[in-house]
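Here's the structure, in structure tokens; my notes come after.
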Amino acid sequence: MNDERGMKKWNPFFALDNMNAAYKKAIKNKQKIAKPLLSDEQISEINYQLNNCENIFKTITYYQDGFIETVEGYCHLLKNLNAVQVNNIIISYENILNIN
């Protein structure tokens with residue numbers, strides 16, 4: 001009797017996996033936030049820090065895909081890309097929120 005059904009008997013379990021993945025994706029999308037707006041003072045402070053951060057250990061807080069991330073390491077400016085590289089992570093100047 002089980003031979004007739006073959007793989008059909010497992011189909012409901014495969015559907016739950018897809019539903020589980022969609023559920024996790026929906027939860028992650030709900031946790032996303034809008035990019036914080038920076039004041040002119042904050043922008044000028046970030047620009048000052050960027051000009052003085054080459055090969056210096058810094059903590060950079062940045063915005064990426066709806067989340068605020070933090071990375072620590074030695075900064076390398078990529079002026080042709082308008083970005084900074086820290087620990088093999090390339091961060092656009094536009095997405096930097098804070099540098100310490």
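Distance between the 7 Å Cα→Cβ label points at A26 and I68: 2.8 nm. When the pairs K24/K79; K32/K58; K32/K79 are compared against a 32 Å limit on Cα-Cα distance, K24/K79 fall above it. Magnitude of the charge dipole for segment 40-99, about its Cα centre and with charges confined to Cβ atoms of Lys, Arg (+1) and Asp, Glu (-1), is about 240 debye. Remark: segment 65-80, residue by residue, has Karplus-estimated 3J(HN,Hα) of 6, x, 10, 9, 10, 10, 9, 10, x, 7, 8, 9, 6, 10, 5, 5 Hz, where x stands for each Gly or Pro and the curve is 6.51 cos²θ - 1.76 cosθ + 1.60 at θ = phi - 60°. What is segment 40-99 by shape, rounded, prolate or oblate, if you read a ≥ b ≥ c off the alpha carbon gyration tensor as root eigenvalues and call it rounded for a/c under 1.5, prolate for a/b larger than b/c, and oblate otherwise? It comes out rounded by the Cα gyration axes. Bridges between two residues of segment 40-99, per DSSP, are antiparallel at a rate of about 95%.
Amide hydrogen proximity for L97: with H placed 1.01 Å from N in the peptide plane, the residues at 5 or more positions away or on another chain lying under 5 Å are T61, Y62, Y63. A cut-off of 5 Å between modelled amide H atoms, ignoring neighbours fewer than 5 places along the same chain, links A83 with L78, Y93. Evaluating 6.51 cos²θ - 1.76 cosθ + 1.60 at θ = phi - 60° for every residue in segment 82-92, the Karplus couplings come out as 6, 8, 10, 10, 9, 6, 6, 10, 9, 10, 5 Hz, glycine and proline recorded as x. Converting phi to 3J(HN,Hα) with the Karplus coefficients 6.51, -1.76 and 1.60 and the offset θ = phi - 60°, segment 30-39 yields 5, 7, 5, 10, 6, 5, x, 8, 9, 6 Hz in sequence order, with x at every glycine or proline.
All of the numbers you see were taken from the coordinates with simple rules; none came from a lab. As the structure is a computational prediction, the values presented were derived from the model and not from experiment. Every residue, glycine as well, gets a Cβ built from its backbone with ideal geometry; the counts of neighbours run over all protein chains shown.
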